[in-house]
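Colleague: The structure that follows is given in the form of structure tokens.
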Amino acid sequence: MEKLVSLCKRRGFVFQSSELYGGLGSVWDYGPLGVELKRNIKDRWWRAMVQARDDIEGIDAGILMHPRVWEASGHVAGFTDPLVDCKTCKARFRADKLADAQCPQKPSKHPGEHSTCELTEPRMFNLMFKTFMGPVEESAAVVYLRPETAQGIYVNYLNVLQGSRQKVPFGIAQIGKAFRNEITPGNFIFRTREFEQMEMQFFVRPGTDEEWFEKWRQWRWDWHLAMGFRPEKLRWHQHGPGELAHYAKAAYDIEYEFPFGWNEFEGIHNRTDFDLKRHQEYSGKKLEYFAQERNERYVPYVVETSIGADRCALAALCDAYHEEQVEGETRVVLRFHPSVAPIKAAVLPLVKKDGLPEIAERIYHDLKTRFAAFYDDGGSVGRRYRRQDEAGTPFCITVDGQTKEDRTVTVRMRDTLVQERVDSGRLVAWLAEKVTV
Ligand code: GAP
């Protein structure tokens, strides 16, 4: 992890928020390469979940919502973690995660196990961030920063149904920021207080929910494989009765083996009709669906798929990171799937003379109209390759003396180091085939 975090900072993937002022706990900023990586991940998700399907619509709801939404959803009453303080070292821990934490005084022990530890009784701590709407800071003006994007989907379910030509079964998807005042955030961008979720709620006829749940489990698993994640780094975790969220009838996580162990990065839940029924009750408005062909009225059940864009970016970084020996040197390479790589191709003139930079610049400008490309003419070509390896650029295009004779360039493949000559006039099509899914 330390190597990855330091590479992320050095190469401009991820920076600590407000670093100039000593940083802000568990908030991170994406730099030039990081923002491209995360955008590409979100684009792939959106493409698979919305654009490639006829039965899912996209929305983009506000972060601030009516406070009653969070009463109806159960978050005001129940979105809590048990918190304990140590009176000796003043550190705070999640009471249910003591076994995963270290005592700050004696890191080989868990909190509460060292002779000087003095833990308080657990008290419940609500994870929602509060703020005030309007100029007066009073309880009537309290609003919350949403802790999940899903509720924006539930409260828009009828709007989407009426404004689109969908019929149950159908889904609504959205990507957006969520906020949680986590007690013990950490592990870089794994658990943060501000993050992005990619969530989809699929509305189905009650009784067909289990079948749809299984379909969604398979589709989401396939998406991870198509993203290029190594299958041996992925596994299912089924929630036992003690783990299930208050709204769920069944839940599975897709876990990734991060350097700090196996952890959830996507959750698939059968949320039943819990949320829609609660919104019906709290708003006083009917959220039923009328299925004309069956002459039947019901509140749909919901199968939810929910994945954090930041956690997915971390998994992509961990999966991509490799160190290997090449010609007696250590090569650090990020083997991203070409579709999510921040830069698709780097254009490098072999030397800075003989008209090669001019040809290389023309190629670079051509590519740039379609892809994130990079131009580099500084230093030896070997060093330029290494810089692109660290950025995860799948293809390096070198313009050399032969280019002037037959218009071909050398394309060097990041993973195999194989070099191939390609006609420069065909480069855009050649690259499109490799990086588009
Ligand atoms: N709507 C359901 C829901 O929010 P969740 O399991 O609490 O379920 C879903 O969150 C996903 O959101 C997680 O699998 C994870 O990828 C991401 N996530 C949750 N909390 C996070 C945090 N504090 N930092 C980064 N990502 C987080």
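Colleague: Place a +1 charge on the Cβ of each Lys and Arg in the range 206-265 and a -1 charge on the Cβ of each Asp and Glu, then give the dipole magnitude about the Cα centre in debye, rounded to the nearest 20. Before the final figure, lay out the partial values.
Modeller: Details: 7 positive and 11 negative charges, 30 e Å.
Roughly 140 debye for the range 206-265.
Colleague: Shifting gears a bit: Quick one: 3J(HN,Hα) in Hz for the range 9-18, Karplus 6.51/-1.76/1.60 with θ = phi - 60°, rounded, Gly and Pro as x.
Modeller: Listing the rounded values in order: 6, 4, 9, x, 8, 9, 10, 6, 5, 6 Hz.
Colleague: Follow-up question, since we're still on this one. For the range 147-162, what does the Karplus curve 6.51 cos²θ - 1.76 cosθ + 1.60, with θ = phi - 60°, yield as ³J(HN,Hα) per residue in whole Hz, taken in order and with x for Gly and Pro?
Modeller: For the range 147-162, the Karplus curve yields x, 8, 7, 4, 5, x, 6, 4, 6, 9, 4, 6, 4, 5, 4, 6 Hz.
Colleague: Calculate I(q)/I(0) for the chain by the Debye formula, one identical point scatterer on each C-alpha and no solvent, and give its log10 at q = 0.08, 0.11, 0.13 Å⁻¹ to two decimals.
Modeller: Rounded to two decimals, the profile gives -0.57, -0.97, -1.21.
Colleague: Residues with amide H under 5 Å of residue 272's amide H, sequence separation 5 or more or different chain, H placed in the peptide plane at 1.01 Å from N; which?
Modeller: Hits under the 5 Å cutoff: 249, 302.
Colleague: Residue by residue, what Karplus-based ³J(HN,Hα) values in Hz, rounded to whole numbers, does the range 132-145 have, using 6.51, -1.76 and 1.60 with θ = phi - 60° and x for Gly and Pro?
Modeller: Values, residue by residue: 10, 9, x, x, 9, 8, 10, 4, 5, 9, 5, 10, 10, 7 Hz.
Colleague: Still on this structure, please answer the following. Over the Cα atoms of the range 238-298, how large are the radius of gyration and the largest Cα-Cα distance (Dmax), in Å?
Modeller: 16.9, 53
Colleague: Which residue, chosen from 86, 46, 262, occupies the Cα position most advanced towards the positive end of the dipole of the chain, where the dipole is computed from +1 (Lys, Arg) and -1 (Asp, Glu) charges on Cβ about the Cα centre?
Modeller: Farthest towards the positive pole: 46.
Colleague: Another one. Over the range 251-345, average the accessible area per residue using a 1.4 Å probe and give it in Å², no decimals.
Modeller: On the way: 3640 Å² over 95 residues.
Computed with neighbouring chains in place, this is 38 Å² per residue.
Colleague: Could you please state how large a percent of the accessible area of the chain is carbon and sulfur, counting protein chains only and using a 1.4 Å probe? Write down the numbers at each step before the final one.
Modeller: Values: 10130 of 21040 Å².
Here it works out to 48 percent.
Colleague: Placing unit charges on C-beta atoms (Lys and Arg positive, Asp and Glu negative, everything else neutral), compute the dipole magnitude of the chain about its Cα centre in debye, rounded to 20.
Modeller: Numbers: 62 positive and 64 negative charges, 105 e Å.
In total the dipole reaches around 500 debye.
Colleague: Using only the alpha-carbon atoms, how far is helix 381-391 inclined from the longest principal axis of the chain? Give it as 0 to 90 degrees, nearest 10.
Modeller: 10 degrees
Colleague: Also, quick follow-up: Given +1 on the Cβ of Lys and Arg, -1 on the Cβ of Asp and Glu, and no further charges, what dipole in debye does the range 392-437 carry about its Cα centre, rounded to the nearest 20?
Modeller: Working: 7 positive and 7 negative charges, 18 e Å.
Dipole about the Cα centre, nearest 20: 80 debye.
Colleague: Also, quick follow-up: For a quick check: with amide H placed at 1.01 Å from N, whose amide H comes under 5 Å from residue 321's, ignoring anything fewer than 5 positions away on the same chain?
Modeller: Amide H neighbours of residue 321, under 5 Å, 5+ apart: 335.
Colleague: Taking amide H atoms as placed 1.01 Å from N in the peptide plane, list the residues 5 or more away in sequence, or in a different chain, whose amide H sits under 5 Å from that of residue 191.
Modeller: 186
Colleague: Still on this structure, please answer the following. Could you compute the net charge surrounding residue 337? Neighbours are other residues with a C-beta less than 13 Å from the C-beta of residue 337; K and R count +1, D and E count -1.
Modeller: On the way: positive: 44, 230, 335, 344, 414, 434; negative: 43, 319, 415.
Taking every Cβ under 13 Å from that of residue 337, the sum is +3.
The values are calculated or read from the model by the stated rules, or taken from the named source; none is laboratory data. Everything numeric in this text was worked out from a predicted model, so none of it was measured. When we count neighbours, we look across all protein chains shown, and the Cβ atoms used for this are built from the backbone with ideal geometry, even at glycine. Calculation scope for accessible area: heavy atoms of the full protein, side chains included, ligands and nucleic acids excluded. Shrake-Rupley method; radii C 1.70, N 1.55, O 1.52, S 1.80 Å.
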